[in-house]
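The values are calculated or read from the model by the stated rules, or taken from the named source; none is laboratory data. The structure presented is a predicted model; accordingly, all values stated were derived computationally and were not measured. Virtual Cβ from ideal backbone geometry, glycine too; neighbours counted across all protein chains shown. What goes into the accessible areas is simple: the full protein's heavy atoms, side chains included, and nothing from ligands, DNA or RNA. Shrake-Rupley method; radii C 1.70, N 1.55, O 1.52, S 1.80 Å.
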Amino acid sequence: MAFHSIALIFVFQLLQIPEIDAKVSSIIVFGDSTVDSGNNNFIATVLKSDFRPYGRDFDGGQSTGRFSNGRVPTDFISEAFGLKPTVPPYLDPAYSIKDFASGVCFASAGTGYDNVTSRVLSVIPLWKELEYFKEYKSRLEGYLGRKKAKKILTKALYIISMGTNDFLENYYVLPHRSFEFSPEDYQKFLVGIARSFITEIYHLGARKISLTGLPPMGCLPLERTLNWGNCVARYNYVAREFNQKSKALVEILNDELSGIQLVFSNPYYILYKIIRDPQSFGFVTAATACCGTGRFEMGYLCNEHDPFTCTDANQYVFWDSFHPTEKTNGILAHHAARTSLAIFK
Ligand SMILES: *[C@@H]1O[C@H](CO)[C@@H](O)[C@H](O)[C@H]1NC(C)=O
């Protein structure tokens with residue numbers, strides 16, 4: 001043991017590795033509504049949530065454009081790393097590059113890996129999130145200077161969270177991709193896009209990256225409503241398959257890209273456990289959501305004047321028919337912080 005430590009110190013001195021400071025300096029987010037902190041407020045889409053009752057448990061009761069009653073998982077993760085309690089959306093003109101230096105969100109509700117998915121509701125495609133990131137990078141360089149900006153971008157934690165919409169908004173409801181691909185091949189197609197995306201952000205300076213897997217998407221209240229109240233086993237199966245492929249991708253890229261620290265964060269089992277036994281996590285139900293009847297409402301259908309909306313969202317696993325409550329988001333985020341993301345602490 002002692003010998004190993006001495007040997008290690010010796011190696012570090014030999015290589016002149018500067019002081020090792022593993023701390024994450026900022027959180028940079030790409031993805032869909034699971035992590036969008038309000039970018040859709042600033043684009044022309046019908047998929048919005050910048051009105052009541054969205055955000056009613058957020059600080060000040062603001063409807064920020066997050067698809068929940070409060071914060072999303074990436075907000076909790078940022079806080080868990082000692083950073084801000086919320087990650088600001090890049091398109092919001094109320095924030096400046098100074099604010100974005102310690103965290104920025106490029107996510108857009110309704111998007112996916114597949115360009116076709118983002119077109120369904122006219123939201124920001126993944127390639128465009130990447131363009132915004134490039135723009136952000138040059139703004140940051142202008143603000144802090146190249147050297148300091150590079151340091152921040154190297155020490156940032158990049159979180160990628162999407163994929164559910166590719167299946168539930170696109171593949172299983174529209175003819176285009178399901179005609180072209182088998183479910184298996186479509187998964188491979190999406191993982192291929194994730195691969196190019198991760199490789200591109202790596203070449204732009206990203207090193208600490210978390211690729212988030214799919215939730216048990218057959219148990220989202222909307223899908224249950226369409227299936228007589230039961231989880232759709234086929235969708236959950238596809239989610240697990242896709243997660244296996246994503247995990248394999250993470251292993252490959254860790255070998256391929258030198259200096260990268262890529263992890264796979266899997267929300268599937270923890271969320272499935274909550275859905276199976278909501279009471280043991282302090283919830284009352286996971287079958288229906290808080291908003292409205294809890295069976296189909298989300299976006300504009302989830303509105304302030306609905307008399308059915310619950311009074312205490314903490315009793316519900318889901319806030320609207322497609323998105324978890326803040327309480328669930330907190331559990332998912334802390335689970336990730338304790339497991340996959342622990343190496344970055
Ligand atoms: C998605 O669209 C962008 C912009 O048109 C294009 O560069 C990219 O290759 C497309 N991605 C795929 C996987 O087709």
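Restricting attention to the range 229-271, the residues that are in contact with a strand residue (DSSP E or B) (Cβ under 9 Å, 6 or more places away or on another chain) and of a type outside the set (Gly, Ala, Ser) add up to 15. Might you check whether a residue that is of a type in the set (A, V, I, L, M, F, W, C), within 16 Å of the ligand (Cβ to nearest atom) and within 20 Å of ALA194 (Cα to Cα) occurs anywhere in the range 94-105? Among the residues of the range 94-105, not one is of a type in the set (A, V, I, L, M, F, W, C), within 16 Å of the ligand (Cβ to nearest atom) and within 20 Å of ALA194 (Cα to Cα), which makes the answer no.
For the range 236-259, the count of residues that are open to solvent by 20 Å² or more (accessible area, probe 1.4 Å), at negative phi, of a type in the set (Phe, Trp, Tyr) and assigned to a strand (DSSP E or B) is zero. Filtering the range 108-123 to residues that are over 13 Å from the mean Cα position of the chain (by Cα) and within 12 Å of the ligand (Cβ to nearest atom) leaves ASP114, ASN115, VAL116, THR117, SER118, ARG119.
Confirm whether ARG139 is touching a helix residue (DSSP H, G or I) at 6+ places or on another chain (Cβ under 6 Å), of a type in the set (D, E, K, R) and part of a helix (DSSP H, G or I).
Yes.
Go through the range 67-84 and give me each residue that's more than 20 Å from ALA109 (Cα to Cα) and without any contact (Cβ under 8 Å) to a residue 60 or more places away in the chain. Those that are more than 20 Å from ALA109 (Cα to Cα) and without any contact (Cβ under 8 Å) to a residue 60 or more places away in the chain: GLU79, GLY82, LEU83, LYS84.
THR154 satisfies every condition listed in (1) out of contact with any helix residue (DSSP H, G or I) (no Cβ under 8 Å at 6 or more places or on another chain); (2) outside any loop (DSSP other than H, G, I, E, B); (3) within 16 Å of the ligand (Cβ to nearest atom) except (3). Check whether at least one residue in the range 65-81 is open to solvent by 70 Å² or more (accessible area, probe 1.4 Å), modelled with pLDDT of 95 or more, under 24 Å from ASP306 (Cα atoms) and assigned to a helix (DSSP H, G or I), and report yes or no. Looking for residues that are open to solvent by 70 Å² or more (accessible area, probe 1.4 Å), modelled with pLDDT of 95 or more, under 24 Å from ASP306 (Cα atoms) and assigned to a helix (DSSP H, G or I), one finds none in the range 65-81, hence no.
For the range 265-287, residues that are open to solvent by less than 30 Å² (accessible area, probe 1.4 Å) and under 16 Å from THR325 (Cβ atoms) total 8. In this entry, SER178 is excluded by the filter for residues that are within 30 Å of VAL238 (Cα to Cα), at pLDDT 95 or above, under 19 Å from the mean Cα position of the chain (by Cα) and not acidic (Asp, Glu).
For beta carbons closer than 7 Å, sequence separation of 6+ or different chains, a first residue in the range 187-204 that is within 11 Å of the ligand (Cβ to nearest atom) and a second that is open to solvent by 30 Å² or more (accessible area, probe 1.4 Å), the qualifying pairs are PHE189/PHE181. Comparison of ASP92, ASP99, ASP57 shows that the only residue that is surrounded by fewer than 24 Cβ atoms within 10 Å (Cβ to Cβ), among the acidic types (Asp, Glu) and free of Cβ contacts under 8 Å to residues at least 40 places away in the same chain is ASP99.
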